[in-house]
Amino acid sequence: MTMRLDYLSIFPAYFDVLDISLLGKAAVNGLVEVHAHDLRDWTHDRHRTVDDTPCGGGAGMVMKPDPWGEAFDEIIGTEPDSSVHVIFPSPSGAPFTQSAAQELSSAVRIVFCCGRYEGIDHRVIDYARSMWTVHEVSLGDYVLNGGEVAALAITEAVVRLVPGFMGNPESLAEESFSAGQDGLLEYPLFTRPVSWRGLDVPEVLMSGHHGRIAKWRRDESVRLTCERRPDLTDSDFGVPH
Ligand SMILES: OB(O)c1ccc2cc[nH]c2c1
């Protein structure tokens, strides 16, 4: 199954980067198909206008609905289809999570709508909700200048989970937030040399004792999660003794 990814933006060149690294390889292997579109291609005036002043007043400009609607008609179609996932990155969106990435990794089509200015006329999102499966998502409690960087981050989080993408899928099981880690943060990692600038690899990791190593790793995951992400912990994790 090939996952089709579409990106609607006034800066489509942001997505040229998807031709490199693993994502580029996935495209070559037919796992994903990437299409970036310039929203201004669906404007009809000399200045290729995509924005206008906000109704009700206020600072900045709002993206007009018309170009979005015409782009939707051409790129996605005019018939409802719940299998199409339309993602609007937004500071006011729901937090994007690893479980959301996992769910989206089985999608056949994902369309990223990258806003700019103060945002997109809300009727565009309402219309999209009437037609497709819509996700308004935020990467965190900070504001970017547009949706493109968020779309790239979400793309990477999703595509790396597509079956066949990662050479060694086992590595996914032990990552932060993965089910195999019970949603905990990943433990600290070490490799050779064993001693480096007076800093040594923890002895337990060189012991060859798999049970002790597993316990050390679990304890470290719990400690780090309790310290850095108490929001992810619950009574089951407790605090390592
Ligand atoms: O922080 B964000 O993810 C984000 C997303 C979309 C727009 C549109 C204008 N500023 C934006 C910020």
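In the chain, which longest range has no trypsin sites (Lys or Arg not before Pro) that are both DSSP loop (not H, G, I, E or B) and surrounded by at most 10 other Cβ atoms within 10 Å?
47-196
Taking the Cα of LEU224, stepping 7 Å toward and past its beta carbon, and measuring to each backbone N in the range 169-189: which are under 16 Å?
Counting backbone N atoms under 16 Å from the label point, the list is 171-189.
Which cross-chain or sequence-distant (5 or more) residues have an amide H under 5 Å from the amide H of GLY183, H modelled 1.01 Å from N in plane?
So GLY183 has HN proximity to PHE177, SER178.
State the Cα centre-to-centre distance between the range 1-64 and the range 208-232 in whole Å.
Between the Cα centres of the range 1-64 and the range 208-232 lies a distance of 41 Å.
Amide H neighbours of VAL111 under 5 Å, at least 5 residues apart or on other chains, H built in the peptide plane: list them.
ASP6, HIS85, VAL86, ILE87
Taking the Cα centre as origin and putting +1 on Lys and Arg beta-carbons and -1 on Asp and Glu beta-carbons, what dipole magnitude results for the chain, to the nearest 20 debye?
Rounded to the nearest 20 debye, it is 760 debye.
Of MET61, VAL86, PHE96, which is farthest on the positive side of the dipole of the chain, counting Cα position, with +1 on Lys and Arg Cβ, -1 on Asp and Glu Cβ, and the Cα centre as origin?
PHE96
Run the numbers on the range 45-174 and let me know its relative contact order in percent, using alpha-carbon pairs under 8 Å that are six or more apart.
30 percent
What list of ³J(HN,Hα) couplings, whole Hz, do you get for the range 227-233 from phi and the Karplus terms 6.51, -1.76, 1.60, once you set θ to phi - 60° and write x for glycine and proline?
Ordered by residue, 3J(HN,Hα) equals 6, 9, 9, x, 5, 8, 8 Hz.
Before rounding to the nearest 500, sum -39500 (n - 2.57) across all DSSP H runs of length at least 4 in the chain and divide by the residue total; then give [θ] at 222 nm in deg cm²/dmol.
-8500 deg cm²/dmol
Got the relative contact order for the chain handy, in percent, Cα pairs under 8 Å and 6 or more residues apart?
18 percent
What share of the DSSP beta bridges in the range 1-160 is antiparallel, in percent to the nearest 5?
The answer is about 10 percent antiparallel.
If you plug each phi of the range 196-208 into the Karplus form 6.51 cos²θ - 1.76 cosθ + 1.60 with θ = phi - 60°, what whole-Hz ³J(HN,Hα) values come out, in order, with x for Gly and Pro?
Running phi through 6.51 cos²θ - 1.76 cosθ + 1.60 with θ = phi - 60° gives 9, 6, x, 10, 10, 5, x, 3, 4, 6, 9, 6, x Hz.
Once the piece of chain linking ARG212 and ASP182 is laid out straight, how much longer is it, given 0.36 nm per residue of separation minus the C-alpha distance between them?
In short, 8.9 nm is gained.
Would you list VAL84, VAL28 from fewest to most Cβ contacts within 10 Å?
Fewest to most other Cβ atoms nearby, the residues stand as VAL28, VAL84.
Report the Stokes-Einstein translational diffusion coefficient (µm² s⁻¹, integer) for the range 29-170, Rh taken as the Kirkwood radius over Cα pairs, at 20 °C with viscosity 1.002 mPa s.
Once the numbers are plugged in, D ends up at 132 µm²/s.
Mind telling me which of LEU185, LEU18, LEU205 comes out most flexible in a GNM of the chain, alpha-carbon contacts under 10 Å?
Its mean-square fluctuation being the largest, the pick is LEU205.
I need the phi-derived Karplus couplings for the range 185-194: 6.51 cos²θ - 1.76 cosθ + 1.60, θ = phi - 60°, integer Hz, Gly and Pro marked x.
Those phi angles translate into 6, 5, 5, x, 10, 9, 8, 6, x, 5 Hz.
Pull out the extension gain between ASP126 and GLU174, defined as 0.36 nm times the separation in residues minus the alpha carbon to alpha carbon distance; nm, one decimal.
13.5 nm is the gain from fully extending ASP126 to GLU174.
Tell me, what is the FRET efficiency for ASN145 and ARG46 to the nearest 0.05, using R0 = 22 angstrom and their Cβ-Cβ distance as r?
0.30
Which of these, ASP219, ASP38, ASP200, has the largest mean-square fluctuation under a Gaussian network model of the chain (Cα springs below 10 Å)?
Looking only at ASP219, ASP38, ASP200, the largest GNM fluctuation is found for ASP200.
Could you quote the convex hull projected area for the range 148-241, Cα atoms only and averaged over all directions, in nm²?
Averaged projected area of the range 148-241's Cα convex hull equals 8.8 nm².
Using modelled backbone amide H atoms (1.01 Å from N, in-plane), which distant-in-sequence or interchain residues come within less than 5 Å of MET3's amide H?
For MET3, whose amide H was placed from the backbone, the distant partners under 5 Å are VAL32, GLU33.
Bear in mind these aren't lab numbers, they're just calculated from the coordinates by the rules spelled out. Since we're looking at a predicted model, the values are computed, not measured. Here the Cβ is made from the backbone with ideal geometry for all residues, glycine too, and neighbour counts use every protein chain on show.
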